[in-house]
Amino acid sequence: MSHIPISVTVDGTTYDSEVEPRTLLVHWLREDIGRVGTVVGCDTSSCGACTVLLDGQSVKSCSVLAVQADGQSITTIQGLAEGEDNWHPVQTAFKECHGLQCGYCTPGMVLATVDLLGENPTPTEAEIREGLEGNLCRCTGYHNIVKSVQYASDLMSGGAR
Amino acid sequence: MTDTLPDSLTTQSPMGRPLRRKEDARLLHGQTNWTDNIQLPGMLHMAILRSPMAHAHITHLDVTPALSEPHVVAAFSAKELGDLNGAVPCVWPVTDEMQAPAFPALAIDKVRHVGDCVAVVLATDRNAAFDALEAIEIDYEALPAVIDLEAALEPGATLVHDAADSPGTNECYTYHLPGTGIPYDEAKAKADVVVKRRFINQRLIPAFMEPRAVVASPMGVSNEMTVWSATQIPHILRVLLALVTGLPENSLRIIAPDVGGGFGGKLQIYREEILAVQIARHLGRPVKWTETRSENMVATHHGRGQVQDIEIAATKDGKLLGMKVNLLADMGAYLQIITPGTPLLGMFMYPGIYKMDAYDFNCVGVFTNKTPTDAYRGAGRPESTFAIERIMDELAAELNMDPMELRKKNWINHEDFPYATIAGLVYDTGNYEAATAKAIDMFDYAGLRAEQERRRASGDPVQLGIGISTFTEMCGLAPSRTLGALKYVAGGWEHCTIRMLPTGKVELITGTSPHGQGHETAWSQIAADILGIDVDDIEVVHSDTGRAPYGMDTYGSRSLAVGGQAIKKAAERLIEKARVIAAHQLECSIDDLEYAGGAFRVKGDAEKAQPLAAVAFEAFSAHNLPDGVEPTLQAESTVDPQDFSYPHGTHLAAVEVDTETGKTTLRTYVCVDDVGVQVNPMIVEGQVHGGLAQGIAQAMYEGVEYDEDGNLLTASLADYLVPSAADLPSFTTSTTETPSTTNPLGTKGVGEAGAIASTPAIINAIVDALRPMGVNDVEMPASPQRVWRTIQEAKAATA
Amino acid sequence: MIPVSFDYVRATSVADAVAALVAGGEDAKVLAGGQSLMPVLRLRMAAPTVVIDCSRVTEMQGITDAGDSVVIGAGTTHHEVMNNPLINEHTPLLAMATATVADPAIRHRGTLGGALAHADPAGDLPAVALALDAVMTVVGPQGSRDIPAAELFTDYFTTSMAEDEILVSIRVPKLGPGWGYHYEKFQRTAQGWAIVGVAAAVQRNNGTINQARVGLTNMGPGPVRASSVEQALTNAAATAESVAAAAQSATDGTRATSDLHAAADYREHLARVMTERAVAKAAGI
Ligand SMILES: Cc1cc2nc3c(=O)[nH]c(=O)nc-3n(C[C@H](O)[C@H](O)[C@H](O)COP(=O)(O)OP(=O)(O)OC[C@H]3O[C@@H](n4cnc5c(N)ncnc54)[C@H](O)[C@@H]3O)c2cc1C
Ligand code: FES
Ligand code: FES
């Protein structure tokens, strides 16, 4: 099965690569280009640990082939902050509100939140919970994740909530 | 949240404050060291062929065809592995007579559960290793699967282990603990009421989010081996890997890098770890294995799995007389690290917070053709708490008493502490009255009862139920002597070394091994408080036997309760050493020095002071040390806890049950936990939340299901229902603070509290909602279908 | 886990895709959003030799107003369907049901065409297509043909499309004024699949229900049209009692099965309860 050339922009850098068609996007990110911030948690697209933004929309990168991302642009947890000291408000909020414990669900949770707040800048608690239904966390019981999203919403909309 | 942001650290002790976590920066930027991130030159990927059968003879097995597949370097079955096929150890032989069958890493001749390892392929490419598994030739001859615990014990049952030297039964052991009081039958004879129930505490899958992974890297001729593993127990793993593989312990280095949750599921030495090490050693190349979630469901140990026959005897005015517990505990197919001991971790806790005159505990461990069981968040104590808190509600119903009144009538009053329980423990402190009063207040108990009455009266299809759980647990595993008496082979101490480097920065080396608990932050708070320095000047070193050689790791809510003591002592010792040097520098006697705010000061002479960092530099340069004082500023402590600690709390749940569909919605959850002194209340609260979610999930969503052939039906996260944010509410949590007296920090432990307390609160609430319909129990998980069926059965019975 | 090796074809037109499908024979697989196919491939429950990616075929995109119907490209994602003004105006039941599918990330990739072609008995959209009398336009080597929803779903995960045919678009007739809609989904967890789902459209005229359409999810090998319920509701009083009475016949013609999450009798019970609720909500009762 022949390899296929792809060119994908990840966190602002364009990577030209040749992939086996069956390579999952998440494996390509982790193993081919060393962007190990995005992780794998399941085989059934159930857990959301692998969530990234593909052309600005949240997707589970275990359910996309690397070849399918050819010509597209990806944002991972590693590309969210603009520099060490310039955290994305969602990152800040997760830290402030203790929205993570082991941190394994965190990359996916943070990117799902970025997507959620992009679509709905001031979600209700119910909207937050439903918006994150595809991202499992085993540590936090979600209580502080919901708080983090609310706080991020405050930060991003200048306290408009 | 901004209102709780820390003030300037220099003005206030960091203890007891909700400091934001040091861990978070790297975790929030994807700069994390998961084991699966590791790539080494020459590294081989291991893929595992697992049994699709629960119980079968292997009639034919040939791995050689895999060797001609692309990128394949080696393939092994038990035959090729020979002596390298290590035996997976069990370190808790609970009785002398216990049946402890061999557990080879790769199955020999017979498989005993779906997921049992039969062969491995090593390839230079991960995908190729997977592909090559399909080339392995294997035939099975199916045997009947042993699934049901009672059927397993019947004469003539198929044997899970039938080696020539096996005792010819599926019974692993029988353990009897008589209480310290009068015989149970004597108490029962005096009773007006005896309530009996059979509760099924179902099997659960830990389902930590980071699947397991291991990388074993041999260092060539020197025999050294570095092992990275997603484990909770790097130190214990090192000892056990040395014993299992015969590699010298001093040439094994175990590193647990960032670990993504464990909940007991990574408190283990696994087949895959042994195989990776043995094969890496054999081939002289690094070997990596990362678990898929599909493997995780069948190969990572499960938790719980008990049939509980519970009997409680009381007088008609609700005074408890005695309790009798008969357990069948599902061991699964093999014994792992503490498989047989796990149910026994609960045996002291069945009487809960109550006084009674008699107690009798009996447990039979049973082999089945299922994944081995072992510790899962709470390990034994959620099971015991479930049993006592459920049966208290049933007794209250039988006596027509309010379940809270029944509890109050029987619990240990705060002035009774320390209290020697009927199970033989001494509870040091507690204040059940205070926690309960606070919880009832926050919950609006009276208001909800009134609403319940209204709904009952109007025949509302949605009924309201209130569930109570007033629990305690034993934490801080464990006094080594106690462990020895229980036949556990290791101790329960913990270690800490603190060194101040010449530049004033501090390394705090701990033997605990965090995987989400925030030790880097909390341990810094404890040490910073004593050393009088900034939290950020402390680096917590952990989870690497090369850098932190001593420790007993993290499980059983022990890290703070035990490890915290070592931190405190080491920090105090460091100050004592520094005091000698400072006195020499300041030319005064050590008694003239007081230490505060990170500096020694001569009493009555504010001008004469020496910062600790200056002492550290002096200890480093060693130009002018007092006679007999060794260079470097470092101190250590290894603490064996004097006793357990006993967190407790009152948890209240209100559920709405749609009686037309059986669907339960958790409306309100209030809990007040007493975990003693809190180092970081933000972390405490987070631990409670996470525990609650897992305990609620046991009650409502999760449960391992096997079919009669031993196939796991809940084999993915699509079928094993770990709840998402949309399936849970926000929680209302609070605390009371009754310091523990078994450790100098007054802490108790909080890692398991939520998971232990919440399960019975939810089931009690569901049963409470449905009791007028004749329902007196609902099996877990209380799925809509189960609740609906229970209602139908109750209706049919009362009709 | 990782899929078996396969070749990859990125189709740029329907003709292109059909040609590749013909060339690939029975071991070729169409890839749309991949949200059902990728898990199947990762678990190695399917082992295609070639995967034909249709996600960039522009002919399969887009939502257009065709007068008496709305025509939706098969490659339209769930996210687009939910948020599309034409769909929300003319056939809101589809938007409502689509909003209950999986989670936001899956809805960003998964497609309407993929959901229908996959024909999962627990999928939410087949019952909607059936209730609304949607018509599928499929293209194969012999050209294009239309398949009404009532003839599409033939068995578990099986449709009447030939192996070398591709679903290109879905035509959903507009029901016109006076209709109310509701999709009622019963699931164990929010992200879970339907144990039972009920798609209801009800046309009400003051105190009377003129007509109703009811489709059931997961009550048989494919979606089921609850015709008895529809008949009982025709010209029925718009009251809770008459809806409840009509819902009793929700299980007529169903073939519910038992699985891990529900036994057949419980499903049947749920079908009645959910039908009552869905119809009542659609009718504004
Ligand atoms: C965790 C999870 C939860 C989910 N929950 C739900 C749910 O609650 N309800 C629900 O309805 N769905 C659910 N889904 C499925 C989701 O809706 C899928 O998007 C959908 O079923 C398939 O659409 P797709 O575009 O992703 O198709 P693909 O996965 O790309 O394809 C599915 C099948 O259809 C075939 N196919 C696709 N498009 C065409 C075409 N145009 N012509 C011919 N054949 C084609 C493919 O060959 C394949 O066999 C869930 C999925 C996941 C992973
Ligand atoms: S790894 Fe992608 S959803 Fe679980
Ligand atoms: S923080 Fe551990 S899984 Fe979410």
Would you compute the Debye intensity of the protein assembly as shown from its alpha-carbon atoms alone, equal scatterers and no solvent, and pass along log10 I(q)/I(0) at q = 0.04, 0.05 Å⁻¹ to two decimals?
-> -0.23, -0.36
Determine the equivalent ellipsoid of chain C by diagonalising the alpha-carbon gyration tensor, then write out the semi-axes as square roots of 5 times the eigenvalues, largest first, rounded to whole Å.
-> 33, 21, 15
Return the single residue from C:64, C:251, C:91 with maximal mean-square fluctuation; model: Gaussian network over chain C, springs between Cα atoms under 10 Å.
-> C:64
Relative to the compact-globule estimate 2.2 N^0.38 Å (N residues), the Cα gyration radius of segment B:635-675 stands at a ratio of 2.22
Can you run phi through the Karplus equation (6.51, -1.76, 1.60; θ = phi - 60°) for segment C:2-12 and list ³J(HN,Hα) in whole Hz, with x for Gly and Pro?
-> 10, x, 5, 5, 8, 8, 10, 10, 9, 6, 10
Taking square-rooted eigenvalues a ≥ b ≥ c of the alpha carbon gyration tensor, is chain B rounded, prolate or oblate, where a/c under 1.5 means rounded and, failing that, a/b exceeding b/c means prolate?
-> oblate
According to the Kirkwood expression over distinct Cα-Cα pairs, how big is the hydrodynamic radius of segment C:7-53, in Å?
-> 10.7 Å
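What number results when the radius of gyration of segment A:89-157, computed over Cα atoms, is divided by 2.2 N^0.38 Å?
Details: Rg = 10.3 Å, N = 69, 2.2 N^0.38 = 11.0 Å.
In units of the globular-protein estimate, segment A:89-157 measures up at 0.94.
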Give the distance, in whole Å, between the Cα centre of segment A:1-63 and the Cα centre of segment B:273-308.
-> 26 Å
For segment B:643-655, in residue order, the Karplus 3J(HN,Hα) values (coefficients 6.51, -1.76, 1.60; θ = phi - 60°; whole Hz; Gly and Pro = x) are 6, 6, 10, 10, x, 8, x, 10, 10, 10, 10, 10, 10
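Nearest 5 is fine: what % of DSSP beta bridges in chain B come out antiparallel, could you say? Walk me through the numbers on the way to the answer.
Values: 105 of 132 bridges.
Bridges in chain B are about 80 percent antiparallel.
Please figure out what share of the DSSP beta bridges in segment B:282-378 is antiparallel and state it in percent, rounded to the nearest 5. Walk me through the numbers before you get to the answer.
Details: 9 of 20 bridges.
About 45 percent, rounded to the nearest 5.
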Among the DSSP beta bridges whose two residues both lie in chain A, what percent are antiparallel, rounded to the nearest 5?
-> 90 percent
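With the Cα gyration tensor of segment B:603-745 giving a ≥ b ≥ c as the square roots of its eigenvalues, does the rule (a/c under 1.5 for rounded; else a/b larger than b/c for prolate; else oblate) give rounded, prolate or oblate? Don't skip to the answer; put the middle values down first.
Working: a/c = 3.51, a/b = 2.40, b/c = 1.46.
Prolate.
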Gap separating the Cα centres of segment B:153-171 and segment C:120-143, nearest whole Å = 55 Å
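Work out the mean other chain Cβ neighbour count within 10 Å for the residues of A:19-32 and drop it here as an integer.
For this peptide, the per-residue mean of nearby foreign Cβ atoms is 4.
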For chain A, modelled as a Gaussian network with Cα springs under 10 Å, which listed residue fluctuates most, A:108, A:83, A:48?
-> A:83
Report, by chain and number, residues whose modeled amide H sits under 5 Å from the one on residue B:140, excluding near sequence neighbours (fewer than 5 apart, same chain).
-> B:59
Where a Cα-Cα gap under 20 Å defines reach, which lysines qualify for residue B:438, not counting those fewer than 8 residues away within the same chain?
-> B:408, B:409, B:748
For segment C:145-205, shape from the Cα gyration tensor axes a ≥ b ≥ c, cut at a/c of 1.5 then a/b versus b/c, turns out oblate
Which ordering of B:282, B:176 is given by a fewest-first count of other beta-carbon atoms within 10 Å?
-> B:176, B:282
Rank A:145, A:33, A:77 by mean-square fluctuation in a GNM of chain A with C-alpha springs under 10 angstrom and give only the top-ranked residue.
-> A:33
Could you tell me, in Å, what Rg and Dmax come out for the Cα atoms of segment B:709-799?
-> 18.9, 60
Tell me, how many Å apart are the Cα centres for segment B:10-43 and for segment C:40-106?
-> 40 Å
With no solvent and one point on each alpha carbon, what is the Debye value of log10 I(q)/I(0) for segment C:41-161 at q = 0.10, 0.14, 0.15 Å⁻¹?
-> -0.30, -0.61, -0.71
Identify all aspartates and glutamates with a Cα-Cα distance to residue B:319 below 12 Å; exclude those on the same chain that are fewer than 8 residues away in sequence.
-> B:192, B:357, B:405
Mind grabbing the base-10 log of I(q)/I(0) for chain A at q = 0.14, 0.15, 0.19 Å⁻¹? Debye formula, identical points on the C-alpha positions, no solvent, two decimal places.
-> -0.67, -0.76, -1.14
Note down, for segment A:4-80, the three equivalent ellipsoid semi-axes (square root of 5 times each alpha carbon gyration tensor eigenvalue), biggest first, whole angstrom.
-> 17, 14, 11
Once amide H atoms are placed 1.01 Å from N in the peptide plane, what residues at a sequence separation of 5 or more from residue C:225, or on another chain, have their amide H within under 5 Å of its amide H?
-> C:216
Proxy reagent accessibility, fewest Cβ within 10 Å first, across B:508, B:243 = B:243, B:508
Which far-off residues, 5 or more places away or on another chain, put their amide H under 5 Å from the one on residue B:44, with H placed in the peptide plane?
-> B:287, B:288
Give me the lysines in straight-line cross-link reach of residue B:79: C-alpha distance below 21 Å, same-chain residues under 8 apart excluded.
-> B:110
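Could you list C:182, A:3 in order of exposure, starting from the residue whose Cβ has the fewest other Cβ atoms within 10 Å? Display every interim value, and only then the final one.
Working: C:182 21, A:3 12.
Going from least to most buried by this count: A:3, C:182.
Laboratory data are not the source of any read-out in this text; all were calculated from the coordinates shown. Values in this document were obtained by computation on a predicted structure and should not be read as measured data. As a convention, Cβ positions derive from the backbone with ideal geometry for all residues, glycine included, and neighbour counts pool all protein chains shown.
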